[in-house]
Structure formats: structure tokens, C-alpha cells
Amino acid sequence: MKNLFLYVFAGLLLFSCKEEPKRTDYIINGTAKDVYNGVRVHLNAIDEKGKEKVISTKMVVNEQFSFEGRVDLPSLHYITINSVPGKLPIMVENSEINVAIDKSNILNSTITGSKSQISFENYQKGYKAIEKESLPTKMAMRNAARQQDVAKQDSLSKRLLELENNVTQYTIDAIKENKDNFFSLFLIRLELNNPKMDIEKYMEAFNDLSSDIKSSKTGLDIKTKLDNLYNIYKKNANLEIGKVAPNFEAPTPDGTMVSLNDVKGKVTIIDFWAAWCGPCRRENPNVVKVYNKYHSQGLEIIGVSLDGARTQKDPKQLWLDAIEKDKLTWKHVSNLQYFNDPVAQLYNISSIPATYILDEEGKIVAKNLRGRALELKVEALLK
């Protein structure tokens with residue numbers, strides 16, 4: 001009886017404890033009609049710098065191929081085939097995805113099984129429509145730049161800003177429509193490297209996502225990055241074009257304290273530079289030319305030196321020598337603390353030369369203009 005019980009128990013184990021199937025996070029099953037055996041198919045991912053890299057290569061066998069792997073977040077990939085021109089964008093997520101390649105036009109291939117792919121295709125249609133609408137304005141802006149038509153550039157830049165805002169709002173709306181879809185995290189992560197990112201809108205859109213999406217590993221990682229960007233944004237909020245430039249006070253070479261408000265004219269340039277900065281010194285003759293031409297009409301400049309580098313034995317003397325040699329006859333201030341200068345930190349200066357151009361009300365109207373562009377902007381403001 002005992003032996004009979006052991007056999008029955010062993011039999012139950014045999015039939016009830018089946019081996020767990022191998023876990024594969026995504027499977028891409030591809031069919032490639034009329035593509036020959038042995039032709040290589042590549043799955044390409046996009047790295048953090050926006051460059052494509054091959055992450056897997058398979059061969060077509062009996063007009064079929066497949067890829068397996070894992071992604072932390074639905075993300076944009078491309079399928080390329082050696083004998084087929086072009087590349088097929090595909091949102092890869094951890095599911096079973098079916099791809100039917102159209103050899104005559106790879107962009108006409110069909111993709112099913114990916115929830116994010118449907119969201120991506122819908123998003124792309126609207127995005128392309130906005131991009132098409134902006135093309136004439138972008139071409140007009142290039143022509144205005146070639147003709148040095150500052151007034152037209154200013155007018156067109158406002159229209160381009162409107163179109164950029166349309167793209168932002170369109171993306172935000174897409175995120176809000178996909179609150180429980182990881183595709184929304186893909187859209188947010190895609191925007192993290194955009195220097196013009198509207199951080200407040202994206203923070204709001206992220207906070208509105210479902211708790212499952214936000215608490216995922218990728219969601220928490222994106223939240224950290226958004227928080228960091230928001231902190232930087234708050235620091236730079238007063239330095240945006242249209243804002244009144246923050247006032248500051250710093251010592252002149254003779255130790256007298258001078259403030260920005262003491263210097264302001266009809267047009268004011270805050271010029272961050274240093275004696276040790278080669279590009280600054282090469283730009284100085286142009287700044288001198290602009291100052292000499294327009295100072296009598298109301299142009300003022302205040303130079304903020306970032307001298308004080310550890311490699312400088314006598315930074316103050318080098319600063320004074322550079323002022324004299326380059327014939328910089330406007331007001332100069334410096335704490336001689338290199339990039340730790342309080343004024344440089346107030347204006348978030350991380351490289352030089354750097355300039356802020358202010359109008360008569362002290363509002364920032366342009367940044368980092370050089371050469372002919374600087375002169376044209378000053379001339380337009382004075383008119």
C-alpha cells in the first residue's frame with residue numbers, strides 16, 4: 001500500500017508540476033514575403049544621444065524572422081532589412097508583436113499586438129500635420145536671416161513660437177489621453193533632452209498619469225529627472241526672454257561698487273568674459289565697434305569678468321591689462337572668483353563669452369548674440 005501511494009504521488013507531481021515556460025518579455029514575429037532566405041534583418045534601438053544602434057540581427061528563413069528581448073519601457077525601435085530600402089519604426093513593448101513586411105514599401109508594413117504602436121501611429125499622424133504647417137514659416141525665417149531682415153525675423157519668431165507651443169500642447173494632450181499607457185512615459189522621456197521643454201506642463205501631465213504607471217521603475221526614474229529639471233527651471237525662470245534682468249552689484253577695478261541699475265541705457269549689454277578666454281578676446285573688437293557706433297544713441301555695456309582662475313598668478317592685473325589692450329571703454333566689474341562669481345551664478349553662466357541684451361525697461365530681449373547679429377539687434381532696438 002505504501003508503494004502504491006508513492007507511485008500515485010509521483011504521478012501527480014509529473015502531471016501537475018509542469019516545467020514553467022521560458023519567460024520572454026517581448027517576441028516580434030515577422031513575415032517577409034518574397035524576401036530570400038539568409039537575408040539579414042536588424043532590430044535597431046535609439047540610445048540616449050538619439051543615435052541608432054543594432055541590438056539584434058536575425059536571418060530570414062522561409063520568409064520569417066523573430067526577435068526576443070526585454071524593454072523597461074515601450075520604446076521606439078526600427079526594423080531594417082538588407083535587401084529592402086528604408087526602415088520601419090516600431091514601438092517595442094513586452095508583448096507578442098506581429099509584423100508583416102511590405103517589401104515594396106517598408107513603411108506600408110503592418111504591425112499588430114503592441115498597444116503602444118497604435119498610440120504611436122495616431123500620435124505621428126497629428127505631429128506630421130503640425131510639422132507640415134510649420135515648414136513655410138521655417139523657410140521664410142531662413143530667407144529673412146540670409147537677408148538680415150531683423151524686423152521680419154522677430155515677427156516670424158513669434159509665429160514659430162506659436163507653432164512650437166502647438167506641438168507641446170498636442171503632445172501633452174496625447175499623454176493625457178493615455179494615462180494608463182506606458183506610451184505616455186515614452187513621450188515624456190523623449191522630451192527630457194529638449195532644452196525648450198515646458199517643464200511645468202510635463203510635470204502636470206506626469207502627475208496625472210495612473211498610479212501604476214507613475215510607480216513603475218521607469219516612472220520613478222522619469223520623476224527624478226523631472227524634479228531635477230524643475231529645480232533648474234525655477235532657478236532660471238527670471239532669465240527668460242521677456243523677464244526683467246535681475247539687478248546685481250559688484251566691484252569695479254578701483255573697488256567702487258556698481259550695480260546694473262546704475263548702468264542701464266536705452267539698450268544694455270551684460271557681457272560675461274575673461275582675460276583668459278580666447279573666444280571672448282576674439283569677439284571683443286566687434287563689441288568695441290558696436291559700442292563706439294551706438295553709445296551716443298543710448299547703448300550701455302557692463303562687462304562682468306570671470307577672471308580669478310587658479311592658473312592666473314595675478315588675475316586682477318591680467319583683467320586690467322586685457323581691458324586696456326582690447327580698448328574696452330565701458331563699465332567693468334568682477335569679484336575675481338572665476339565661475340564662482342556671484343553675478344555669474346545669478347545669471348547661471350556655465351561658459352563664456354555670454355551676453356544678455358536688455359531693452360530700455362531692463363527686459364531681456366536676446367541672449368548670446370555675436371558679430372553682425374549683435375549689431376543688428378542693437379540697431380533695431382534703438383530705432
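The values are calculated or read from the model by the stated rules, or taken from the named source; none is laboratory data. Computed from a predicted structure; not experimentally measured. In this analysis, Cβ positions are derived from the backbone assuming ideal geometry, glycine residues included, and neighbour counts consider all displayed protein chains. Protein only, heavy atoms only, side chains kept; ligands, DNA and RNA dropped before computing areas. Shrake-Rupley method; radii C 1.70, N 1.55, O 1.52, S 1.80 Å.
For the stretch 179-214, enumerate the residues that are open to solvent by 50 Å² or more (accessible area, probe 1.4 Å), free of Cβ contacts under 8 Å to residues at least 24 places away in the same chain and either in contact with a Phe, Trp or Tyr (Cβ under 9 Å, 6 or more places away or on another chain) or β-branched (Val, Ile, Thr) (or both). Result: LYS214, single match.
Residue selection: GLU68 satisfies the criterion of being in a strand (DSSP E or B) and acidic (Asp, Glu).
Every test in (1) open to solvent by 20 Å² or more (accessible area, probe 1.4 Å); (2) part of a helix (DSSP H, G or I); (3) in contact with a strand residue (DSSP E or B) (Cβ under 9 Å, 6 or more places away or on another chain); (4) touching a residue at least 40 places away in the same chain (Cβ under 8 Å) is passed by ASN286 save one, and that test is (3). Picking from residues in the stretch 60-108 that are open to solvent by less than 40 Å² (accessible area, probe 1.4 Å) and polar (S, T, N, Q), the one that is nearest to the chain's Cα centre (by Cα) is SER75. Residues of the stretch 49-65 being outside any strand (DSSP E or B) and without any contact (Cβ under 8 Å) to a residue 40 or more places away in the chain, which ones? Matches in the stretch 49-65: LYS49, LYS51, VAL60, ASN62, GLU63. Residues that are over 16 Å from ASN335 (Cα atoms), open to solvent by less than 20 Å² (accessible area, probe 1.4 Å) and touching a helix residue (DSSP H, G or I) at 6+ places or on another chain (Cβ under 7 Å) within the stretch 251-271 comprise just one, VAL267.
If I filter the stretch 215-250 down to residues being open to solvent by less than 40 Å² (accessible area, probe 1.4 Å) and among the hydroxyl-bearing types (Ser, Thr, Tyr), which single residue comes out as farthest from LEU346 (Cα to Cα)? Result: SER216. Selection over the stretch 38-59 of residues that are hydrophobic (A, V, I, L, M, F, W, C), open to solvent by 70 Å² or more (accessible area, probe 1.4 Å) and more than 30 Å from the chain's Cα centre (by Cα) gives a count of 1.
Of the residues making up the stretch 300-347, those that are closer than 26 Å to GLU361 by Cβ and either part of a loop (DSSP other than H, G, I, E, B) or over 34 Å from the mean Cα position of the chain (by Cα) (or both) number 7. Applying the criterion of being closer than 19 Å to THR80 by Cα and assigned to a loop (DSSP other than H, G, I, E, B) to the residues of the stretch 106-134, the residue that is modelled with the highest pLDDT is SER109. Of the residues making up the stretch 322-331, none is touching a residue at least 12 places away in the same chain (Cβ under 8 Å), over 18 Å from GLU240 (Cα atoms), of a type in the set (S, T, N, Q) and touching a helix residue (DSSP H, G or I) at 6+ places or on another chain (Cβ under 6 Å). Put simply, of LEU299, LEU374 the only residue that is at pLDDT below 95 and crowded, with 17+ Cβ neighbours inside 10 Å is LEU374. Picking from residues in the stretch 348-369 that are assigned to a loop (DSSP other than H, G, I, E, B) and farther than 19 Å from LYS266 by Cα, the one that is most open to solvent (accessible area, probe 1.4 Å) is SER350. Within the stretch 136-153, the set of residues being open to solvent by 60 Å² or more (accessible area, probe 1.4 Å), within 18 Å of LEU376 (Cα to Cα) and in contact (Cβ under 8 Å) with a residue 12 or more places away in the chain comprises GLN148, ALA151, LYS152. If the condition is being under 16 Å from HIS295 (Cβ atoms) and open to solvent by 30 Å² or more (accessible area, probe 1.4 Å), then the stretch 327-339 contributes LYS327, THR329, LYS331. For beta carbons closer than 9 Å, sequence separation of 6+ or different chains, a first residue in the stretch 24-38 that is touching a residue at least 40 places away in the same chain (Cβ under 8 Å) and assigned to a strand (DSSP E or B) and a second that is of a type in the set (Lys, Arg) and open to solvent by 30 Å² or more (accessible area, probe 1.4 Å), the qualifying pairs are TYR26/ARG70; GLY30/LYS58; ALA32/LYS103.
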